[in-house]
Amino acid sequence: MTLLRWLAILFLLLAVYCGLDPFRHSPIASFPEFEAKLIQMPPWSEVPPEKDSENLLQKSEVKFLNEVQGPESVAFDTQGRGPYTGVADGRILFWNGHSWLPFAYTSPNRSELCDPKVPASPLSYVTTEHICGRPLGLRFNKKTGDLYIADAYFGLLKVGPEGGLATPLTTEAEGVPFRFTNDVDVDEEGNVYFTDSSAKYQRRNFIQLVFAGDDSGRVLKYNPDTKETTVLVRNIQFPNGISLSKDRSFFYVCEGVVGRLRKYWLKGEKAGTSEIIAILPGIPDNVRVNEDGDFWIALHCRRYMYAYLNALYPNIRKLILKLPIPTKIHYLLQIGGRQHALAVKYSSEGKLLQILEDSEGKVVRAVSEVEEKDGKLWMGSVLMPFIGVYNLK
């Protein structure tokens, strides 16, 4: 048999293998109704090119290594104590200055199934987080001391200053259940603003959410007096972090898939309207305001041309996703080949003020949230087993 025939047979076998995917390696193999939507990306020329040439985040201190798994959000209570953080096994922990103590939990169904695993990584709990809970965004009500929790599976919850089992506040809006409650903030009147990243995909399927360009995400408001949940913004592709401004006249919300920062007005002539005020250099997670009224945004990764083109051509994206290529490979292609961290600061008008990064992922490989306190940045990460601390001074 000639070499040409052998090559033809090998090509045919490869085509059959790719078409059938017998080992179900494709990231959408378990999603027969998967639909890839067009993602209206901003022009590439508008993506900020600024970089941190010094890789300043490499100077960060790694704290609590392997003591906290996947600490997405970092919060301090009304007395400045903490941090508090939600971890991958479903608990919210409190650092008392000497050790981590269990503070609260969101699932009423906790059992030995939810016990911390040794050894473990944040990904060790993915198969049970819908049972044990997965607390993401955390915010304290400065007046009452209550902690508000956005749990990916159990919706919006609240727990008092003494901790314990959190009380559910709302799990649906307009008859549509929350599938991926993500981040939260609360004003002086107790009104709670939060994001539901998708009405279709749960957190454990966030990769498919990104690949699909699913636009069922919503930004919502919960009124504690009327117990009413109102949809403020709808049809967003992966709404993620949310933060009220210092004067509470508006909030910022991060659009994860598109990579934009949206401002929604709560007061004044523009109340009830929103506008895009910044194109971000990458895929955002949480956003937090500092004492000066500026905002820190945690970026999961920079925007790369491969992901950019995939967003613009959904049919080609779906074709590529059907190939028997493991999800991890697709993920690495999306983020440029390796995990790397970015933290960017914007003014309330949307002006880029500062950018910090570890482009090589040597110290801080992924950032979910950046909380500024006393001249330091406390960086949570849903994917890492530690909290990073960067000294601004």
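The values are calculated or read from the model by the stated rules, or taken from the named source; none is laboratory data. Predicted, not measured: the structure shown is a model, and the values here were computed from it. When we count neighbours, we look across all protein chains shown, and the Cβ atoms used for this are built from the backbone with ideal geometry, even at glycine.
So that you can scan it fast, the table gives a plain yes or no per residue for (1) at pLDDT below 95; (2) surrounded by fewer than 20 Cβ atoms within 10 Å (Cβ to Cβ); (3) not hydrophobic (A, V, I, L, M, F, W, C):
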| residue | (1), (2), (3) |
| --- | --- |
| ALA29 | yes, yes, no |
| LEU56 | no, yes, no |
| GLN69 | no, no, yes |
| GLY90 | no, no, yes |
| SER99 | no, yes, yes |
| PRO102 | no, yes, yes |
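For ASP285, the criteria (1) within 24 Å of TRP44 (Cβ to Cβ); (2) more than 20 Å from the chain's Cα centre (by Cα); (3) of a type in the set (Asp, Glu) hold in every case but one, which is (2).
Residue-level check: of (1) within 22 Å of PRO48 (Cα to Cα); (2) acidic (Asp, Glu); (3) part of a loop (DSSP other than H, G, I, E, B), GLU269 misses just (1).
Among residues of the range 134-178 being aliphatic (A, V, I, L, M) and part of a loop (DSSP other than H, G, I, E, B), the one that is nearest to the chain's Cα centre (by Cα) is ALA152. Only one entry in TYR201, TYR193 is assigned to a loop (DSSP other than H, G, I, E, B) and of a type outside the set (D, E, K, R), namely TYR201.
Exactly one residue out of GLY241, GLY256 is under 23 Å from SER368 (Cβ atoms), without any contact (Cβ under 8 Å) to a residue 60 or more places away in the chain and crowded, with 24+ Cβ neighbours inside 10 Å: that is GLY256. Taking the stated definitions as given, is GLN334 under 28 Å from ALA75 (Cα atoms) and within 16 Å of the chain's Cα centre (by Cα)? Criteria not met by GLN334.
The single condition among (1) within 16 Å of GLN237 (Cα to Cα); (2) touching a Ser or Thr at 6+ places or on another chain (Cβ under 6 Å); (3) of a type outside the set (A, V, I, L, M) that PRO324 does not meet is (1). Within the range 262-277, residues that are in the same structural domain as PRO48 (by TED's automatic domain parsing) and at positive phi have Cβ atoms under 9 Å from residues that are surrounded by 13 or more Cβ atoms within 10 Å (Cβ to Cβ) and in a loop (DSSP other than H, G, I, E, B) in these pairs: GLY268/SER249; GLY272/LEU266, counting only partners at least 6 apart in sequence or on another chain. Among residues that are out of contact with any Gly (no Cβ under 9 Å at 6 or more places or on another chain), in the same structural domain as GLU255 (by TED's automatic domain parsing) and in contact (Cβ under 8 Å) with a residue 12 or more places away in the chain, ARG218 is included. Residue check: LEU57 meets all listed conditions (1) in a strand (DSSP E or B); (2) aliphatic (A, V, I, L, M); (3) in contact (Cβ under 8 Å) with a residue 12 or more places away in the chain but one, namely (1).
In the condition set (1) touching a residue at least 60 places away in the same chain (Cβ under 8 Å); (2) loosely packed, with under 13 Cβ neighbours inside 10 Å, THR106 is compliant with all but (2).
Suppose the filter is at pLDDT 95 or above and buried (at least 18 other Cβ atoms within 10 Å of the Cβ); does THR181 pass it? So THR181 fits the description; yes. Evaluate the following for PRO48: is it in contact (Cβ under 8 Å) with a residue 24 or more places away in the chain, surrounded by 15 or more Cβ atoms within 10 Å (Cβ to Cβ), touching a strand residue (DSSP E or B) at 6+ places or on another chain (Cβ under 7 Å) and part of a loop (DSSP other than H, G, I, E, B)? Yes, satisfied.
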